[in-house]
Structures are given as structure tokens and as C-alpha cells.
Protein chains: 4
Amino acid sequence: MTTKIIMDTDPGIDDAAAISVAINNPEIELELITTVAGNVTVDKTTKNAMKLVKFFNADIPVAGGAEQPLIKPFEDAARVHGESGMPGYDFGAEPTNIPVNNAVDVLYHTIMANDEPIVLVPTGSYTNIAVLLTEHPDVKTKIEKIVAMGGAIGMGNMTSAAEFNVFTDPHAAEILYKSGIPVVMVGLDVTMKALLTQSTLDTVKSLGKAGEMLGAIFNHYYEGNEGGIPMHDVNTLAYLLKPEMYKTIPYWIDVVTEGPANGETVADIRGAYHDGKTNAEVCVDIDADAFNAWFIEEVKKMNA
Amino acid sequence: MTTKIIMDTDPGIDDAAAISVAINNPEIELELITTVAGNVTVDKTTKNAMKLVKFFNADIPVAGGAEQPLIKPFEDAARVHGESGMPGYDFGAEPTNIPVNNAVDVLYHTIMANDEPIVLVPTGSYTNIAVLLTEHPDVKTKIEKIVAMGGAIGMGNMTSAAEFNVFTDPHAAEILYKSGIPVVMVGLDVTMKALLTQSTLDTVKSLGKAGEMLGAIFNHYYEGNEGGIPMHDVNTLAYLLKPEMYKTIPYWIDVVTEGPANGETVADIRGAYHDGKTNAEVCVDIDADAFNAWFIEEVKKMNA
Amino acid sequence: MTTKIIMDTDPGIDDAAAISVAINNPEIELELITTVAGNVTVDKTTKNAMKLVKFFNADIPVAGGAEQPLIKPFEDAARVHGESGMPGYDFGAEPTNIPVNNAVDVLYHTIMANDEPIVLVPTGSYTNIAVLLTEHPDVKTKIEKIVAMGGAIGMGNMTSAAEFNVFTDPHAAEILYKSGIPVVMVGLDVTMKALLTQSTLDTVKSLGKAGEMLGAIFNHYYEGNEGGIPMHDVNTLAYLLKPEMYKTIPYWIDVVTEGPANGETVADIRGAYHDGKTNAEVCVDIDADAFNAWFIEEVKKMNA
Amino acid sequence: MTTKIIMDTDPGIDDAAAISVAINNPEIELELITTVAGNVTVDKTTKNAMKLVKFFNADIPVAGGAEQPLIKPFEDAARVHGESGMPGYDFGAEPTNIPVNNAVDVLYHTIMANDEPIVLVPTGSYTNIAVLLTEHPDVKTKIEKIVAMGGAIGMGNMTSAAEFNVFTDPHAAEILYKSGIPVVMVGLDVTMKALLTQSTLDTVKSLGKAGEMLGAIFNHYYEGNEGGIPMHDVNTLAYLLKPEMYKTIPYWIDVVTEGPANGETVADIRGAYHDGKTNAEVCVDIDADAFNAWFIEEVKKMNA
Ligand SMILES: [Ca+2]
Ligand SMILES: [Ca+2]
Ligand SMILES: [Ca+2]
Ligand SMILES: [Ca+2]
């Protein structure tokens, strides 16, 4: 059986890898890609999503979304992802007819048109989803769950408290976590352990045109250490396809929206402050070796 | 010359009076009414807006908007406005075919379709506008200004700090005040002085079918004191039509979004904290006698 | 019967007037004056208190207190009170042997040495009292009540939200209002109405050496308008001596300690958020004419 | 050369171990022990400190301090440390003449009486130190540094954000970190790695009367996992005596004082928000084997 998903993304190198998996894995039916400002501006993340769809000759609509967060001023991460967001590979002519500002509409109509609830997979900040849930609360019954890259219950990467996606639009994250929709939090607690090793990277590069493309953009990723490079967003697909690689714990997650911890996801680890209720399944550990092996198999499935 | 406006409202007794003025004054061209939860739930505020349009045989579209605030849980004001929001007068059969969840779309397309920028007149909480500005930032160039009922730099009415509209959705108010669009803040500082006296109320009731309707719903307004009853939202129209009745001061307005002052509009009255910049023209005083006289003249213009 | 009080002050022109009343009114037994940074630095407020005690040949100990607020950085109000804090009158040689940093100790021992509970009268920020209550919670049983100048439930004077004393050290104010000790809040809601008229000022100046001194320092007060000048701190003594001049309402007061409303005192005016409990008697109105007449009588009692 | 220190503690099992090291190590001159509410109420933490001093026949003054935090309501940790705070060993008759509420005074006079600056070692919440610094800012020049157990830049233990000591009195922690005094932050980032193994615990129990006492109270410590038990406060002494066991990084630390991350210490890990300034040396890693070996050597030095 396949899982119908919609990705809301800001490619971004790790988003690109996640999208590549989603397009090519036969158990995943990727219905729509929407984009948001994040790693780079939304016009660039939209173009990048279109380039990937074209690269794989896929027939997946792309809709451009929020140019900026709900309230907090926008800061991009071009220092990590390069000016274009997906540098190092020549995808050919720049896309034209970039769709703008219609992501929320398209999300709404796509989700409502499905018979069965879909899975939302945000790998950028959650602005589009926050607007969708506020403008169209009836959509909630048609979303099975949200598997969201973002947050950290341990160490952040913007401050020691906050991870980039949630830091970028903490108010949107608050709306998401308070929505009542089941959330799987795929945060730095696992994505900083799921490092692609040099050996994996070497293998990937040798795996056809898709491997060549991914290898090329991975080369420009300014993150990682001697243990390897994180590929944060890919963990959302990994969780969907092989959840047994992850250890999760149900927690109540609150989002901090001001002060020095702005953008932090706080887990009530003792169950002391929310009457024992939980609103998220939080990924707290991962089998990194299995993750590397899985990723290589995914690249092998890619048809470019 | 006429002024093209769009009202975003939660009728509500004082909203009803404001809408009545807007529909009937020849200098105002009311292009659209959108609704939001506030005084009562959004299905009721939408019905109430439709009832008023029908009462005046006007040809003005009504679009239903946000069911709840962006983040803060919804609390209505039915204690002030009655269960229906507009009690005390029989408007005939209940409207059917209530438009739902399309206010942001209709706002966007209506505003963009105009050649000239319009004036937005919110008299409920600002959720629809916040979603509009986030989803469609290109709309900003087509909004001349926002004349918004809400806030207080002196005493509030929910706490000593916060006024109802801003208290209901403080995050939306923050988005509005940070949008860069010129805002005229029509808050409790003037609306609690612009009391309709008993004499005015008596006169209004005698002014035809419209006066009868307004008199009937005013009777059920649970606010006011021996000096008269406030008619908060009407001040937005009064400001647009007779700005000389108001004293205004330009201030920077910040909105408090948590803690005991949640929902307060804070003015930097010494110009000490925002490099001397201002983002709003704040109404700080009004000629209450002139306001009473003006309102009677407006009711005389009404054709029901 | 006399009331035993301790004043904790930052003279400051209006503090000076309040101290002058306290020293000379036979119904008040002023046991101790402690000082705090506020209008000017604490070395100056301490010297000013000593000058006043000497001016009236009184035998009242003065103890110097906090140099700065608990957490918030210190900003003085020398723009309002002049560089010295009490300009315009020559008090003779500068005091020497300025007591430093012993206010909390002296407060503790003075209060505990009394058989009966005393009344604390802070007219500066509440840092000393906050430290006292934290270090020596046993002192609470020996404090009958705190009659505190500070705060506003309507308009502030630092921002539209915050009054100077509470703004200067909001955390100390939070400690005071949460202490469980009965508080009478004498804030801008009354002190901006209790304006000393030009006629009162003229009379005061003619009332002997004390009137001459007060008239001289009032001349340098950079506040007020055509209606007269406020004499904020004097209202604490006025309340103690003639409470019938004030209208008060019991409210729960919360203090804002961060964000744009930092330093605001928020009243739960609808009794909606604290289970109907109250922690302060808030002065909301005053008979300004009676206040003027009362103040003239007080100056007449002064013996310099 | 010896290091003069003052410990401000809430024994507590790990505090007891830290105090035991400080009393017995010849390179440490322990001048004073002050106590604070924390693991248990302050009367108990004071008695516990007195029991330890007597157990080792040491001549070290003990002064009782704050009964509760500055602002946040007090919650103890008796669930972890037992009702007495130091269960499992019979220290003989209960101490009498418990000193109360004089910690700040004694701290001030002890520190000022030294020729050279001392090192402050808080292993409980920082209320006493916050009061000391506020009441007597002149003391700052006589404090060389503060080696403080508390905080976490990774995972907390009260929420995922906050560690117990800072969570207990976040405002005091904010005062400490903003004081300008150099701080060494010894937080959960190292104390949760410095686990005493079962082998170490077995050895300790065999090391004379002191080892027997420590072994007995360790038995009742309700923390730890298969890797061993943490002995948080002992790390402050370990850092002072063998700093080479710790990896530290200089960061600016902000303390969160409200909202869901209340009590968190946030490090500006990218140096992005404080002009590159730092206010703390943060312990981020430790050699756990060396720590175990060191602790055994310390117990061997103990003379009871
Ligand atoms: Ca991403
Ligand atoms: Ca309204
Ligand atoms: Ca004062
Ligand atoms: Ca401790």
C-alpha cells in the first residue's frame, strides 16, 4: 500500500534529497510540493522544487508559498545552502512561470479532493501550514498526521535552544503543535545522529545520474564533521518508510515564541505540566548505520 | 469624491451600526464585507452581516472568514452582544447559503481588482487581515491605509491593559501593526468618550425604519453608563467621514502577545524605543457632542 | 493615634514633599527613611533625604539602599528632577558620612524591633523591599500594609503602559505584589489628577521657610500642564491621612516584567483571571480640590 | 597554593559529596557554607550542612539563607533526595541552634574580610547570591569567579529545556549571569556524563568511615541508569581541582524567566546575538573515566 503525502519544503540541499526520495520511492505517492522561504527566498525554493521535478521527469504540481514568517522577521540560511539553495549541479534552463502565493489554496483544494486523509511532510518552516489551518480549519479532518522536520529537545543549531525551521517561524510551529493533528517531530535529536558517512557519500555519487546530482549538491553543504554530514529533511521520509529505525517517545511539545529561547520546542519530559497529555511523537534516537544503508537503497531506486 | 472601503467585521451591535453608516453614506463605497469570529461565532457574524445587507437592499458581497484566532484560544463576547450578536430586532428569515472560509480569497481578489488602493476598516479582531497579509504580501501596495477599531493606550476593557478586538487575536494585531501599511488606531481612548447620549438614542429611534432597527438592537447593548453608551466601531466611519472630530498623535504601537498584558497596544509615548519612528496615527481625543450630532445625520441618510 | 511608617524613597522633588509632610504631621511617626536609586543615583537620593531631615531638625535615621534594580538596567529620571534630584534650594553643606548599602539591614531590624506592625511607604522603585522580603520573609508579619506610589491601570508615563517606579524595577514590584502583604496602589490614575494648581503653589511659597523651600524645588519640576503640577509621592501621605479623598477598588494586580509593556501594573478588572481574588486596593479617583486644600494645611504644619 | 572558596548549597546528596570533597581536600580552603531551599526546605539543607561539618569535625561556619526563590514559587526535589535531603545514614543527634536568614550578611562580611578575592561555588539555586549582589554590589570586586552547578545547553531535567537549580530560581540565575563576574557553568552537559559507575560506588563504600557515609546516602539517590549515577554538584570541585578533565567553550548565556522554557540557560552558540561577547565558560564535555578515578582519590583523603 502506498502513502499519499504532500511535501512543504524550502530546498535546500537536504530538502532536495528528501524530495528525490519521495518522488522515486514506489511506496510514496507525492501529490504536491509546496514551497516556503527558509534556506533561501521563496522564489528560489520554488524554482529548486521545479528543477527537481523536471530532473526526475515527474508529474507533480509545485505551488509557491509564504515569502516570510507570520511575525518574526525573515533570516535565511544561505550561509549553509549557498545563494541558490541547491548549488553545485547544473539543472539546465531556469524554470519560468513560477507559481506565486498560491500554496495555501492549492494545499486546501488538493487535500480536500482526496478521499482519504493524507500525510503532510513539512521540511521547511511551517508558515504555509499555519495559514492553511487558520484559514481552513475544516482541512484538519483530511490530514492523517504531520511528519515534520524541525525542533530539538536537546541542542539546537541557531541557539543552543532553537532549531532552524522552528526558529524561522516559531508562531507557525505553535499553531501546528496546537492544531490537534498528530505530529511526528523529526528534530535535531535524530538528524544530528543520522550522519551520512564518507563511505555512503562515495557510494551515492556512483549511483547513476541521480547519485551524481545528489553527490554534487552534497559537496556544497556547509555542515557536518568528521562523522559525516547530516541530511536533516531526509529523516522524514526515512521515518515514513522505515519507522523501525527510530526510537520515539510521546511528549507534549510547547513552542517558545519570544525571548532568548525563541523558536525552541520544549518537551514536558516529566509529564508535569499538561495533565499527562501529549501532542507529538518525538524521535529521540536512530540507528545511524541502518539509515546509511537505507539511503543508499533509496538512491538506487531513483530514475532520472 | 468617494472612498472605497472594505469592512472586516464581527457584528455585533456596534459593528451593525458602523455597517449601516457605510452602506448608506454616499461618500463611502463599501465594496465588500468580510466576517470574523469575535462578538459571537463566525457563522453568526456572517449571518448578521448578510441580514444588514438585505435590510438595506444593498448589493454588497459578504464573505465568511476566520473561525478562531491565529494562536490564542477563542473567547466570544456574547455576554455583551447577546447570543445572536445582533439581538432585539426581527430581520426575517435566517440567511441560507452562508459563505464559509473564503474571506481571505475574496479579500485578495477584490483588492487586487481595484485600480486604486482601498481603505481597510476592521471592526473585529484582525485574523483575516493577518492571514491575507501573510499569504499575499503583494496586496500591501493596494491598501491605502487601515482604519482599525481596537486597542487602547489608556484603560482596556478585558483587563486594564487590553481591549477586546486586540485581546481576541493579539498575534494578528502584531502582524497588522508590523505590516508597514499606515494604520489609524481607533481605540477605547476615543470610543469610550464618544458615548451616544440618551437624547441621541431617543432621536435615532424616531428616524424611520433604520432608526427603529438600530434603536432596537442598541436596547440590548450591555455596556455604557449614565453618560451614554459607546458605539465603538462607528468611530471608524466617523473618522473617515469627519476626521476633524478626532485628535490624533503619531506613535509607534507594539502589541503584547503574552503575559498579563496580553492583547495590549503599547504606545512609545516618549519616542524612546523605536528611533523616533511611528507606525500608527492614534486617536486620543474626540468631540463627543459633534459625534452625537454626526451620528444622527448619518441615520437620517439611511434608506431601508 | 499615630501611624508608624517607614519611607523608602528616591528624592526627587515629589519625594521631598512627601517626606516633609511625614516629618511634620503629628499623626505620622516616621521611624526611618531608606533610599534607592531612581530619580537620581542612590548616593544623591541618600544625601537628599539627609538634607531634608536636617532642614527640619528631625531625628530620623537615614539608610542608603539599592544602587540598581534587581535585573533591569538602571535608567534615572534626572531629566525630570535635575541632576541633583532636588534642585533650586540651597540646603547648606553637603552631608558627609553617607550610609551605604545598609538599608535592608536597617529596615529589617527597625521593623522587627517594633511591637506593632508598621506601614511601609515606598515612593521610589521597590528594590529594597524586594530584597528585604526575600532575605527576611519573617518580616512580613510585622508589616501592616504597603502604601506604594507606583503603577497605573490607565495611562503610564514611561510608555503608555508603564509608570516610572514600577518600570524602573518591575521584578521588585512583582515581588511586592505577590508578597501577600496588603498593598494600596497609589498610581498615576490618581496622581495625574491630584495636580497642585498655580494658586496652591503661590500659597505654599508664602508659608514660611518650609513653604519657601518647597516652592523653590517645585519651580524646577519638569512635569505638569496648564492644570497644575503632579506631586505623585505626596499622595501616599494624603491617602494615609485623609483616605476619604480617594476612591479605591480592590483588584488583582499583575506586574509585567518583559516585552513592550515591561513595568506595567495590570488590573484584572473583570475578576476573570484570579478566581476573584485581589491583592491590592487600587486608588482610581481623587478629589483634587480637597487635595490642594489638604496640602496647604500640611505645609502650614511644617516647622523648619 | 590553596583556593579559598565559599559553598552555597542545598544538601542534597550530591551537595553532600561536594561538601565532603571541599572539607577534606588540602588545596581547598572552605571558608563558609551557606544554604538555600532547593532539594529540600532550607531548614533541612542547613541542618544537613551542619551535620557534614560535624561529621568531619571541621571548623566551618554554616549560615542559613533563602527560604524561597525571588519570584517563582518554590518546588522542592524531595522525590529525588528523600524527605530529609540526605537519607540513609545516621548522623547522630539533630543539630540545634539552626542559623536562619543570615546567609547574605555572613556572605558579605566573610567575602569583604578577605584580602584576596574568593571563589563562589553555588550548588543550589542562586537566590542568596542574587540578593547579595543586589544588596551589596561592592562585593563583586572580591569575587574572583563563580563556579556554578546549574543549567544545560543541551537537555534539561525539569523540562527538556531547564535544569533544576536554574529552574528553581531563574531570576536569580539571570542576576548571576548578568553580574559581570566570570562564571564557569557546570551544567547537565557534563554532569550527566560524569556518572559514577557501580565499580566506583563499590570502591567508595570500602574507603573508611567517610566512604561508608557517602555510600549510604548514594544508595538512596533516585537518579541514574545502567551507566551509573550522576553526582552533579561534585563536578564543581572536580573542575576547580582538575580542570583538565573538562572541555569548556566561552558563550554568552541568557536565562529564560518565563514561558515553557522557563529556567533554561541559552547559549548563543553562533555568537550572533551579543556582539561576540561571552559571559561564561561553559563545560561541554568531560573525561568520565578520569572523573571516577579522581573521585576515589578524593574519598581516600577524607578524614572522618
Ligand atoms: Ca528544509
Ligand atoms: Ca466589532
Ligand atoms: Ca519618588
Ligand atoms: Ca545541589
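The values are calculated or read from the model by the stated rules, or taken from the named source; none is laboratory data. Here the structure is a predicted model, which is why all the values come from computation and not from measurement. A quick note on method: Cβ atoms are made from the backbone with ideal geometry, for glycine too, and the neighbour counts reach across all protein chains shown. To get the accessible areas, we keep the full protein, side chains included, count just its heavy atoms, and leave off ligands, DNA and RNA. Shrake-Rupley method; radii C 1.70, N 1.55, O 1.52, S 1.80 Å.
Structural remarks
- Helices (runs of 4 or more DSSP H) wholly inside segment D:178-241 containing at least 3 residues that are at pLDDT 95 or above and within 18 Å of the chain's Cα centre (by Cα): D:188-191, D:234-241
- Check on C:Asp268, surrounded by 19 or more Cβ atoms within 10 Å (Cβ to Cβ) and within 29 Å of B:Asp76 (Cβ to Cβ): yes
- Taken together, A:Thr110, A:Thr159, A:Thr141 contain a single residue that is buried (at least 24 other Cβ atoms within 10 Å of the Cβ) and either farther than 30 Å from B:Val255 by Cα or away from ligand 1 (no atom under 16 Å from the Cβ) (or both), which is A:Thr159.
- Residues that are closer than 13 Å to B:Val121 by Cα, more than 13 Å from ligand 2 (Cβ to nearest atom) and among the polar types (S, T, N, Q), drawn from segment B:1-49: B:Thr3
- Matching residues in segment A:258-304 - criterion: being within 19 Å of A:Gly180 (Cα to Cα) and of a type in the set (S, T, N, Q): A:Thr265, A:Thr278, A:Asn279
- The residue of segment B:260-286 that is farthest from the other protein chains (Cβ to nearest Cβ), among those that are touching a helix residue (DSSP H, G or I) at 6+ places or on another chain (Cβ under 7 Å) and not in a loop (DSSP other than H, G, I, E, B), is B:Ile286.
- Some residue of segment A:174-183 being open to solvent by 10 Å² or more (accessible area, probe 1.4 Å) and in contact with a Pro (Cβ under 6 Å, 6 or more places away or on another chain): no
- Test for D:Thr257: is it in a loop (DSSP other than H, G, I, E, B), of a type in the set (Val, Ile, Thr) and open to solvent by 30 Å² or more (accessible area, probe 1.4 Å): no
- Selection of first residues in segment A:232-244 that are of a type in the set (Ser, Thr, Tyr) and of second residues that are away from ligand 2 (no atom under 16 Å from the Cβ) and part of a helix (DSSP H, G or I), restricted to Cβ pairs under 8 Å at least 6 apart or on distinct chains, gives the following pairs, ordered by first then second residue: A:Thr236/A:Ala18; A:Tyr239/A:Met245.
- Looking across segment B:103-141, just one residue is in a loop (DSSP other than H, G, I, E, B) and without any contact (Cβ under 8 Å) to a residue 24 or more places away in the chain, and that is B:Asp115.
- Qualifying residue in segment D:237-256 (condition: away from chain A (no Cβ under 14 Å) and of a type in the set (Gly, Ala, Ser)): yes
- Listed by first and then second residue, the pairs with beta-carbon distance under 9 Å, at least 6 apart or on different chains, first residue in segment B:62-86 and within 10 Å of another protein chain (Cβ to nearest Cβ) and closer than 15 Å to B:Val166 by Cα, second assigned to a strand (DSSP E or B) and at pLDDT below 95, form an empty list.
- A:Gly92 meets the stated requirement of being more than 14 Å from chain B (Cβ to nearest Cβ), away from ligand 1 (no atom under 16 Å from the Cβ) and in a loop (DSSP other than H, G, I, E, B).
Conditions tested, residue by residue: (1) open to solvent by less than 10 Å² (accessible area, probe 1.4 Å); (2) more than 29 Å from D:Lys242 (Cα to Cα).
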site: D:Thr2; (1), (2): no, no
site: D:Val53; (1), (2): no, no
site: D:Leu70; (1), (2): no, yes
site: D:Gly85; (1), (2): yes, no
site: D:Phe91; (1), (2): no, yes
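- Scanning segment B:144-156 for residues that are away from chain C (no Cβ under 14 Å) and open to solvent by less than 10 Å² (accessible area, probe 1.4 Å) yields B:Ile146, B:Val147, B:Ala148, B:Met149, B:Gly150.
- Any chance D:Lys209 is under 29 Å from D:Pro73 (Cβ atoms), open to solvent by 20 Å² or more (accessible area, probe 1.4 Å), touching a residue at least 40 places away in the same chain (Cβ under 8 Å) and away from ligand 1 (no atom under 16 Å from the Cβ): no
- Residue check for A:Thr45: away from ligand 4 (no atom under 16 Å from the Cβ) and open to solvent by less than 10 Å² (accessible area, probe 1.4 Å): yes
- Of all the numbered requirements in (1) of a type outside the set (Gly, Ala, Ser); (2) under 30 Å from D:Asp254 (Cα atoms); (3) open to solvent by 20 Å² or more (accessible area, probe 1.4 Å); (4) in a loop (DSSP other than H, G, I, E, B), A:Ile249 misses one, and that requirement is (4).
- Listed by first and then second residue, the pairs with beta-carbon distance under 6 Å, at least 6 apart or on different chains, first residue in segment B:1-30 and free of Cβ contacts under 8 Å to residues at least 24 places away in the same chain, second open to solvent by less than 10 Å² (accessible area, probe 1.4 Å) and within 16 Å of ligand 1 (Cβ to nearest atom), form an empty list.
- Residue check for D:Leu32: more than 16 Å from ligand 4 (Cβ to nearest atom), out of contact with any Gly (no Cβ under 9 Å at 6 or more places or on another chain) and either within 14 Å of chain C (Cβ to nearest Cβ) or under 24 Å from D:Ala113 (Cβ atoms) (or both): yes
- Taken over segment A:162-173, residues that are open to solvent by less than 10 Å² (accessible area, probe 1.4 Å), assigned to a helix (DSSP H, G or I), within 14 Å of chain D (Cβ to nearest Cβ) and among the hydrophobic types (A, V, I, L, M, F, W, C) amount to 2.
- Selection status of A:Ile60, more than 16 Å from ligand 2 (Cβ to nearest atom), open to solvent by 10 Å² or more (accessible area, probe 1.4 Å) and touching a strand residue (DSSP E or B) at 6+ places or on another chain (Cβ under 6 Å): yes
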